[in-house]
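Structure first, then comments.
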Amino acid sequence: MMLKPLDDRVVIEIKEETTEKNVGGIIIPDTAKEKPLMGEIISVGTDEDLQEQVKVGDKILYAKYGGTEVELDGKQYLIVSRSDILAIIE
């Protein structure tokens, strides 16, 4: 199944850390973990200006509380609008 965003939105694959414990061996619950702010663009919406600025495969930084999280085929994705994209990592 494929996610195709509309208008000025992009689909980002969230890159999560795999560490479950800290140095002292304490398990940190998911609700207390810091959300990742970096991801890879999987799909770009239909807005022509946006398509000129970002493309599939770009690694980006996005706003901390922006977007909508979606889980599909066991992977975490985030659908964000153009205003939530902060920078492209080169």
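The values are calculated or read from the model by the stated rules, or taken from the named source; none is laboratory data. Every value quoted in this text rests on a predicted model; they were computed, and no experiment measured them. Backbone-built Cβ (ideal geometry, glycine too); neighbour counts: all protein chains shown.
Take the residues in the range 35-47 that are in a strand (DSSP E or B) and among the hydrophobic types (A, V, I, L, M, F, W, C), then tell me which one is surrounded by the fewest Cβ atoms within 10 Å (Cβ to Cβ).
Taking the range 35-47 and keeping what is in a strand (DSSP E or B), we get 38-44.
Okay, now just the ones that are also among the hydrophobic types (A, V, I, L, M, F, W, C), so 38, 41-42, 44.
On the way: M38: 13, I41: 21, I42: 18, V44: 19.
Within the range 35-47, the match that is surrounded by the fewest Cβ atoms within 10 Å (Cβ to Cβ) is M38.
Assuming L50 fulfils every condition listed in (1) touching a strand residue (DSSP E or B) at 6+ places or on another chain (Cβ under 7 Å); (2) surrounded by fewer than 16 Cβ atoms within 10 Å (Cβ to Cβ); (3) modelled with pLDDT under 95 apart from one, which condition is it?
(2)
Restricting to the range 1-43, name every residue that is within 14 Å of D84 (Cβ to Cβ) and at pLDDT 90 or above.
Listed by number, the residues that qualify are P5, D7, D8, R9, V10, V11, I12, M38, G39, I41.
Farther than 14 Å from D8 by Cα and without any contact (Cβ under 8 Å) to a residue 12 or more places away in the chain: which single residue out of Y65, Y77 fits that description?
After ruling out the rest, the residue left standing is Y65.
Anything in the range 64-90 that is outside any strand (DSSP E or B) and modelled with pLDDT under 90? List them, or say none. If you could, list the steps in order and put the result at the bottom.
Going residue by residue through the range 64-90, those that are outside any strand (DSSP E or B) are 64-67, 73-74, 82-84, 90.
Passing the criteria: K64, Y65, G66, D73, G74, E90.
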